[in-house]
Amino acid sequence: MGFAVLGFSSPPFPTGRLYSANGCSSATNGGGAVENPIHKVKPTVAVPQYKWRLVIAYDGTHYAGWQFQLSPPTIQCLVENALIRITKLGREDLCFVGAGRTDAGVHAWGQVAHFVTPFNYDSLESIHAALNGLLPSDIRVRDISAAVPEFHARFSAKGKVYHYKIYNDTIMDPFQRHYAYHSVYKLNTAVMREAAKHCIGRHDFSAFVNVSRNDRVLDPVKTIFRFDIIEMVVFFYHED
C-alpha cells in the first residue's frame with residue numbers, strides 16, 4: 001500500500017468571504033461578524049478555501065452503498081478516511097459530498113464528489129497517487145482536479161446515466177452474478193421498448209424523496225432524456 005508525500009503552499013487569503021473553523025462558509029450580518037442564533041458574535045478567521053473535484057469508480061459488491069456510515073463500510077466513508085489521513089483535516093473540515101447515493105451492491109464508473117481544503121496543492125499527482133494507494137483495489141479515484149468555488153458535486157450535476165443489466169437465461173453466468181439481475185423467464189424486448197417510451201420526458205419524482213432523511217430536493221420534477229433497451233450476446237455456454 002503506497003503513500004505519497006504531499007506538498008502544498010498557502011497563498012494570500014481570498015477576500016470578500018468569511019469561513020468558520022470547520023472550513024464551511026458562514027453567513028455574515030453585513031458587518032463582518034457571523035450571525036448566531038442567540039445573537040452572540042463568534043470570532044471568525046479569514047482563511048482560504050480551495051475546492052477539489054473527484055471522479056470515482058467502484059465495485060460496490062462488498063459495501064453498504066455510498067452514503068457515510070461507519071459499519072458496515074461505505075464508499076464515502078473509505079474515501080473520506082483516506083482524505084483525512086492525507087490532508088490531516090477533520091471530517092467537518094473536508095465537507096466531502098458526492099453527486100448522488102448508490103445503494104448496497106451498486107457500482108459506479110463516474111461518481112463525482114468534491115471536498116475542500118484551507119490550502120492549495122502544488123501538484124495533484126501526489127494526492128491522486130496517495131488516495132489510490134490508501135483505498136482498497138475495488139475503489140479507484142479516476143481523476144482529481146481543481147474546481148471553481150461555485151461547483152457542487154450534487155447541485156451542479158447536469159444529468160446522470162444509469163445502467164441496469166438483466167441476465168436472461170436459465171442458468172446464471174457466475175462471472176456476472178454481481179453485475180446483473182438474473183431472470184429465467186424470457187423477456188419480450190419489443191414490449192419493453194414500447195413501455196420505455198412512456199418513461200421519457202418530464203416527471204414528478206416526489207414519491208421517491210426520502211423526507212425522513214432530509215434529501216433537500218430543490219425540484220422533484222426531472223427529465224428522462226433516454227431509455228434504451230439493448231440486447232447483448234450471452235457468452236456463457238451450457239448444453240440444453
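A short reminder: the numbers here are calculations on the coordinates, not readings from a lab. Since this is a predicted model, take the numbers as computed values, not measurements. Ideal geometry is used to build each Cβ from the backbone, glycine not excepted, and the neighbour counts take in all protein chains shown.
Restricting the stretch 124-138 to residues that are assigned to a loop (DSSP other than H, G, I, E, B) and in contact (Cβ under 8 Å) with a residue 12 or more places away in the chain leaves a set whose member that is surrounded by the most Cβ atoms within 10 Å (Cβ to Cβ) is LEU135. The set of residues in the stretch 56-102 that are without any contact (Cβ under 8 Å) to a residue 40 or more places away in the chain and part of a loop (DSSP other than H, G, I, E, B) comprises GLN67, PHE68, GLN69, LEU70, SER71, PRO72, PRO73, THR74, LYS88, PHE96, ARG101.
Among the residues of the stretch 45-74, just one is of a type in the set (Gly, Ala, Ser) and over 30 Å from ALA180 (Cβ atoms), namely ALA46.
Within the stretch 51-90, take every residue that is charged (D, E, K, R) and at negative phi and give me the one that is farthest from the chain's Cα centre (by Cα).
Looking only at the stretch 51-90, we keep the residues that are charged (D, E, K, R), and these are 51, 53, 59, 80, 85, 88.
In the following step, the residues that additionally are at negative phi were identified as 51, 53, 59, 80, 85.
Values: LYS51: 15, ARG53: 10, ASP59: 13, GLU80: 11, ARG85: 19 Å.
Looking at the filtered set, the residue picked out is ARG85.
Kindly indicate the residue of the stretch 76-88 that is under 19 Å from ALA99 (Cα atoms) and touching a helix residue (DSSP H, G or I) at 6+ places or on another chain (Cβ under 7 Å) and also surrounded by the fewest Cβ atoms within 10 Å (Cβ to Cβ) among those meeting that condition. Talk me through it step by step, then tell me what you get.
Taking the stretch 76-88 as the starting set, the residues that turn out to be under 19 Å from ALA99 (Cα atoms) are 76-83.
Going one step further and asking which of them are touching a helix residue (DSSP H, G or I) at 6+ places or on another chain (Cβ under 7 Å), we end up with 80, 82-83.
Numbers: GLU80: 18, ALA82: 21, LEU83: 25.
Ranking the candidates gives GLU80 first.
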